[in-house]
């Protein structure tokens, strides 16, 4: 068995931070790049082509051609070597390479032999993943095919950037709409009060035959009502067409969040025979909120829990939405894993922890928790860990929501 230590880029935390900035929902991006993976396989003459993004512990395949795969433990991938350098990474025969000869995808179906990967590099020079082609026989790409693949990889990044900018534009539009909605509501209160006072005074003036004062109050009354009509017109633009209005692409509620977590991380737990469950402890399951960075936070913690939980163990997620004093998402992840002693726990909380192996020799990269803590802090949330060696770990996060 090959026990080589997994490679880590010198800028790993910066790299993970850049990937988190794209805030990719891995349940929604599938299909948006499939024309490019198909083109890559066609121009290189290989049966398999993938677009992979590498998080702290998981490689996410966001587009595939010729191989149905969604995620892979990062320690088992060839793409982990691609992000170490700006140059392409090529393996002419994996069966002759000590790093890969014992991997399941080499020994068993699909029996990969040849691999060629190009780093996916953001405009500011950060390598977030790889575009790769693979073959079931030995191969050697010509310089012309390599250049074609570089062009396709560049287009992949362009589309990821486009999706990110489009998402930011939608968020900004929603923020503007919310400001307009609040302004409209703010208008109604004081203007309604002024109209009420004006009507009372007008009635009194009418009884006392104060014609000039009555005219002034009538002007106030008409002016106030015109402002209220304007506020009603603005508000009407934001009324939902039905109570079951569709959740926007960049929003979540507890029900959709639960579905995404099960879809993304259920297969990882199943592969280790771990019981994985997500519970909703709230009557606010349909209340929508921004999913900004939430999937990145929860994903890193769930992957880590699965990593340190042995076969036939359990990983349980509890989700709730509290409205007092503000809207706050309450997230608890409990596992029956190996747990930590006080020293290890202090190292993690102080940011000095080193990577350790999981229950099936999964190799951690030591940066997932750092990223989670950074994201939670930037969102003005709180994070707490309770753990005992041999008794599992409980992580509690509270994040204020927009």
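In region 70-77 there is no residue that is within 13 Å of residue 127 (Cα to Cα), touching a residue at least 60 places away in the same chain (Cβ under 8 Å) and in a helix (DSSP H, G or I).
Residues checked against (1) closer than 20 Å to residue 111 by Cα; (2) touching a residue at least 40 places away in the same chain (Cβ under 8 Å); (3) surrounded by fewer than 17 Cβ atoms within 10 Å (Cβ to Cβ):
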position: 43; (1), (2), (3): no, yes, no
position: 46; (1), (2), (3): yes, yes, no
position: 53; (1), (2), (3): no, yes, no
position: 57; (1), (2), (3): no, yes, no
position: 68; (1), (2), (3): yes, no, yes
position: 84; (1), (2), (3): no, yes, yes
position: 88; (1), (2), (3): no, yes, no
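Inside region 123-152, residues that are within 16 Å of residue 50 (Cα to Cα), surrounded by fewer than 18 Cβ atoms within 10 Å (Cβ to Cβ) and under 28 Å from the mean Cα position of the chain (by Cα) make up a count of 2. Residues in region 309-331 that are assigned to a loop (DSSP other than H, G, I, E, B) and modelled with pLDDT of 90 or more: 5 in all.
Suppose we filter 152, 112 for residues that are touching a helix residue (DSSP H, G or I) at 6+ places or on another chain (Cβ under 6 Å), in a loop (DSSP other than H, G, I, E, B) and touching a residue at least 12 places away in the same chain (Cβ under 8 Å); which single one remains?
Numbers: 152 fails: in a loop (DSSP other than H, G, I, E, B).
Answer to the selection: 112.
Based on what the data block shows, is residue 277 in contact (Cβ under 8 Å) with a residue 12 or more places away in the chain, in contact with a strand residue (DSSP E or B) (Cβ under 9 Å, 6 or more places away or on another chain) and over 18 Å from residue 392 (Cβ atoms)? Spell out how you get there, then give the answer.
Numbers: in contact (Cβ under 8 Å) with a residue 12 or more places away in the chain: yes; in contact with a strand residue (DSSP E or B) (Cβ under 9 Å, 6 or more places away or on another chain): yes; over 18 Å from residue 392 (Cβ atoms): no.
For residue 277, the condition - in contact (Cβ under 8 Å) with a residue 12 or more places away in the chain, in contact with a strand residue (DSSP E or B) (Cβ under 9 Å, 6 or more places away or on another chain) and over 18 Å from residue 392 (Cβ atoms) - is not met.
Residues in region 351-368: is at least one within 12 Å of residue 301 (Cβ to Cβ), surrounded by 14 or more Cβ atoms within 10 Å (Cβ to Cβ) and at pLDDT below 90? Reasoning before the result, please.
From region 351-368, those within 12 Å of residue 301 (Cβ to Cβ) are 368; that's our starting set.
Keeping just the survivors that are surrounded by 14 or more Cβ atoms within 10 Å (Cβ to Cβ) gives 368.
Filter once more, so that each one left must be at pLDDT below 90: 368.
Yes, region 351-368 contains a residue that is within 12 Å of residue 301 (Cβ to Cβ), surrounded by 14 or more Cβ atoms within 10 Å (Cβ to Cβ) and at pLDDT below 90.
Does residue 399 count as part of a helix (DSSP H, G or I), within 18 Å of the chain's Cα centre (by Cα), modelled with pLDDT of 90 or more and closer than 23 Å to residue 278 by Cα? No: the conditions fail for residue 399.
Yes or no, residue by residue, for (1) on the phi > 0 side of the Ramachandran plot; (2) at pLDDT below 90; (3) part of a strand (DSSP E or B):
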site	(1), (2), (3)
257	no, no, no
264	no, no, no
269	no, no, no
276	no, no, yes
279	no, no, yes
283	no, yes, no
287	no, yes, no
292	no, yes, no
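One line per residue, one yes/no per condition, for (1) in the same structural domain as residue 21 (by TED's automatic domain parsing); (2) within 24 Å of residue 22 (Cβ to Cβ); (3) at pLDDT 90 or above:
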{"site": "135", "(1), (2), (3)": "yes, no, yes"}
{"site": "152", "(1), (2), (3)": "yes, yes, yes"}
{"site": "156", "(1), (2), (3)": "yes, yes, yes"}
{"site": "195", "(1), (2), (3)": "no, no, no"}
{"site": "203", "(1), (2), (3)": "no, no, no"}
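Right, residue 120: outside any loop (DSSP other than H, G, I, E, B), surrounded by 12 or more Cβ atoms within 10 Å (Cβ to Cβ), modelled with pLDDT of 95 or more and in contact with a helix residue (DSSP H, G or I) (Cβ under 9 Å, 6 or more places away or on another chain) or not? Answer is yes for this residue.
The values are calculated or read from the model by the stated rules, or taken from the named source; none is laboratory data. What you see is a predicted model; the values in this text were computed from it and never measured. When we count neighbours, we look across all protein chains shown, and the Cβ atoms used for this are built from the backbone with ideal geometry, even at glycine.
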